[in-house]
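Contents: one structure, followed by commentary.
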Amino acid sequence: MPSLYDLSLPELEARVVALGAPAYRARQVWHWAYTRLAASYEEMGNLPHALRARLAETLPFPDARVVRTAASEDGLTRKHLLRLHDGVRIETVLMLYDPRSDARGRATVCVSSQAGCAMGCLFCATGQAGFQRNLTTGEIVAQVLGFAREQRDAGGRPITNVVFMGMGEPMANYAAAWGAVERLHDGLGLGARHITISTVGHVPGIRRLAEARLPVGLAVSLHAPDQGLRERLIATAHRYPLDEILDACRIYTERTRRRVTVEYCLMAGVNDDPAQARALAAALKGMLCHVNLIPVNPTPDASIRRPPRARTLAFQRELAARGVPCTVRVEKGVEIAAACGQLAARTPTPRDERSVPVSIAGAVS
Ligand code: SAH
Ligand code: SF4
């Protein structure tokens, strides 16, 4: 059965009309769902009781319960572990950027697009745990609206950005991920430029995004300057050769005039050599892009470690010297975000499903 957030406004109108109510009732429901951030049909006071009851039976809100939360010490990063209707667990993160350093005062939600992931990146806790299932559009949207409600109730700032950088490979679940983009844009009112999809390098997905109706941001997780190393780090990398990924990125930049974010997870002794930085700069030559260096977060595999800070900065200098814009991901408060997969991986099917605020150290150390 679809949920309320699975439907576009025209689809919702068709549903409401099929239930014998006028189409404007659908617009009221839409307004309650995305502007008033209602959590149930009961809240929709200006709708007839019978219609609310029928909708609750036939088009429920997605069943996504917060079973655990974690917050960073500065309170700027919060993570939810959600349990879905079939018991599957996913996580979602809210990152509030400090207004002192971020004039725009962003509030970014990092959503999961799948429960688990089948791409098999060696260094990723989600990948290590394997694939469970695709999420629906409604389950992706629910992650954002959950935080939007929490922010409203706490008098905090509304959600300004969404990144598909949680669990899963969004391009391997394109239709549902795109449906979520449309709901966030058409319903919640987020600008396409404030939505970013991150992919491990799924070429057909990048090409589709290049032609999409809304110019959403693209982040591509490369992690290596050559195909050989990529195949060692990502179990499924043989499917899409690096050259084809870069070609697809060029098509995207030409069509959208938008810069691609290249994510590069730095691992000591694996991909952090200055010569590899030079090779990466050569591979990206002439491309409208920006490299985001991410010192790897610890995962259950202890052989994967962060490089020393000096090594990271040396890598960055090599890129910058060759004209490739490059930043190192800020560490403060972002640990729990970058360690996506770890909260779910570390929660042993608790009997007690209450919301238990835990410290970050407790959640990810
Ligand atoms: N599957 C997509 C989106 C989700 S992963 C992708 O791979 O792009 C989002 C980001 O988290 C990716 O750039 C990934 O490389 C990064 N990531 C995964 N494991 C990490 C770890 N242990 N430390 C730091 N970043 C990690
Ligand atoms: Fe999947 Fe992305 Fe993790 Fe790789 S990094 S296993 S693609 S979620």
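Rolled with a 1.4 Å probe across the full set of protein chains, the surface gives MET95 an accessible area near 20 Å². One chain, two ends: SER303 and ASP74. Fully extended at 0.36 nm per residue, the span grows by 79.5 nm beyond their Cα-Cα distance.
Annotation: amide H of LEU266 within the under-5 Å range of ILE294, VAL296, sequence separation 5 or more or interchain, hydrogens built in the peptide plane. By the Kirkwood approach, averaging reciprocal distances over each pair of separate Cα atoms, the chain gets a hydrodynamic radius of 21.3 Å.
Just to make sure I understand: if all protein chains stay in place, what is the order of VAL17, VAL144 by accessible area at 1.4 Å, largest first? Show your work: numbers first, answer last.
Working: VAL17 80, VAL144 0 Å².
The ranking, largest first, comes out as VAL17, VAL144.
In the chain, helical runs assigned H by DSSP with n ≥ 4 each contribute -39500 (n - 2.57); averaged across all residues and rounded to the nearest 500, the mean residue ellipticity at 222 nm is -10000 deg cm²/dmol. Quick one: net charge around ALA281, please, counting Lys, Arg +1 and Asp, Glu -1 for every other residue with C-beta under 12 Å from its C-beta. Net local charge, ALA281 excluded: +3. Note on ARG193 and ALA279: their simple-model spin labels are 3.6 nm apart, each label 7 Å out from Cα toward Cβ. Taking the Cα centre of the stretch 57-110 as reference, the dipole from Cβ charges on Lys and Arg (+1) and Asp and Glu (-1) amounts to some 100 debye.
A full extension of the chain between ARG133 and ASP226 corresponds to an added length of 30.4 nm, given 0.36 nm per residue minus the alpha carbon distance.
FRET efficiency for the ASP186 to TYR24 pair, using the beta carbon distance and R₀ = 22 Å, is estimated at 0.80. Sequentially through the stretch 74-86, phi angles give Karplus couplings (6.51, -1.76, 1.60; θ = phi - 60°) of 7, x, 7, 10, 10, 10, 10, 9, 10, 10, 8, 4, 9 Hz, Gly and Pro residues having no value and appearing as x. For the stretch 30-131, the gyration tensor built on C-alpha atoms gives an oblate shape. Its axis ratio a/c (a ≥ b ≥ c) is at least 1.5, and a/b is not larger than b/c.
Before I look further, what does the chain give for accessible area per residue, probe 1.4 Å, in whole square angstrom? Write down the numbers at each step before the final one.
Values: 15870 Å² over 365 residues.
Result: 43 Å² per residue.
With 0.36 nm allotted per residue and the present C-alpha distance subtracted, the MET1-ASP243 stretch has 83.0 nm of extension available. Only Cα pairs under 8 Å and 6+ residues apart enter the sum, and on that basis the relative contact order of the stretch 4-152 stands at 18 percent. By the Cα gyration tensor, the stretch 108-210 has an equivalent ellipsoid whose semi-axes, rounded to whole angstrom, run 24, 16, 11 from largest to smallest.
Which order do peptides 38-50, 69-81, 215-227 fall in by mean Cβ count within 10 Å, highest first?
Taking the mean over residues of other Cβ atoms within 10 Å, the ranking is 215-227, 69-81, 38-50.
Here each label is just a point 7 Å from Cα along the line to Cβ, and for VAL66 and HIS49 those points are 3.2 nm apart. By accessible area, using a 1.4 Å probe on protein heavy atoms only, the chain has 53% of its surface on carbon and sulfur. Beta bridges assigned by DSSP with both partners in the chain are antiparallel in approximately 45 percent of cases.
The string of couplings for the stretch 49-65 from the Karplus curve (6.51, -1.76, 1.60, θ = phi - 60°) is 4, 5, 5, 4, 5, 5, 5, 4, 6, 9, 9, x, 5, x, 8, 9, 9 Hz, one whole number per residue in order, with x for Gly and Pro. Under a 5 Å amide H cut-off, with hydrogens placed 1.01 Å from N, VAL220 pairs with THR199, THR261, VAL262, GLU263 among residues at least 5 apart or on other chains. A simple charge model with +1 on the Cβ of Lys and Arg, -1 on the Cβ of Asp and Glu and nothing else charged puts the dipole of the chain at about 600 debye relative to its Cα centre.
What FRET efficiency would be calculated for the residue pair GLU57, ALA321, taking the C-beta separation as r and a Förster radius of 56 Å, to the nearest 0.05? With R0 = 56 Å, the Cβ-Cβ based efficiency is 0.35.
The values are calculated or read from the model by the stated rules, or taken from the named source; none is laboratory data. For clarity, every value in this text was computed on a predicted model and none was experimentally measured. Cβ sites come from the backbone with ideal geometry, for glycine too, and all protein chains shown count toward neighbours. Surface areas here come from the heavy atoms of the whole protein model, side chains and all, with no ligands, DNA or RNA. Shrake-Rupley method; radii C 1.70, N 1.55, O 1.52, S 1.80 Å.
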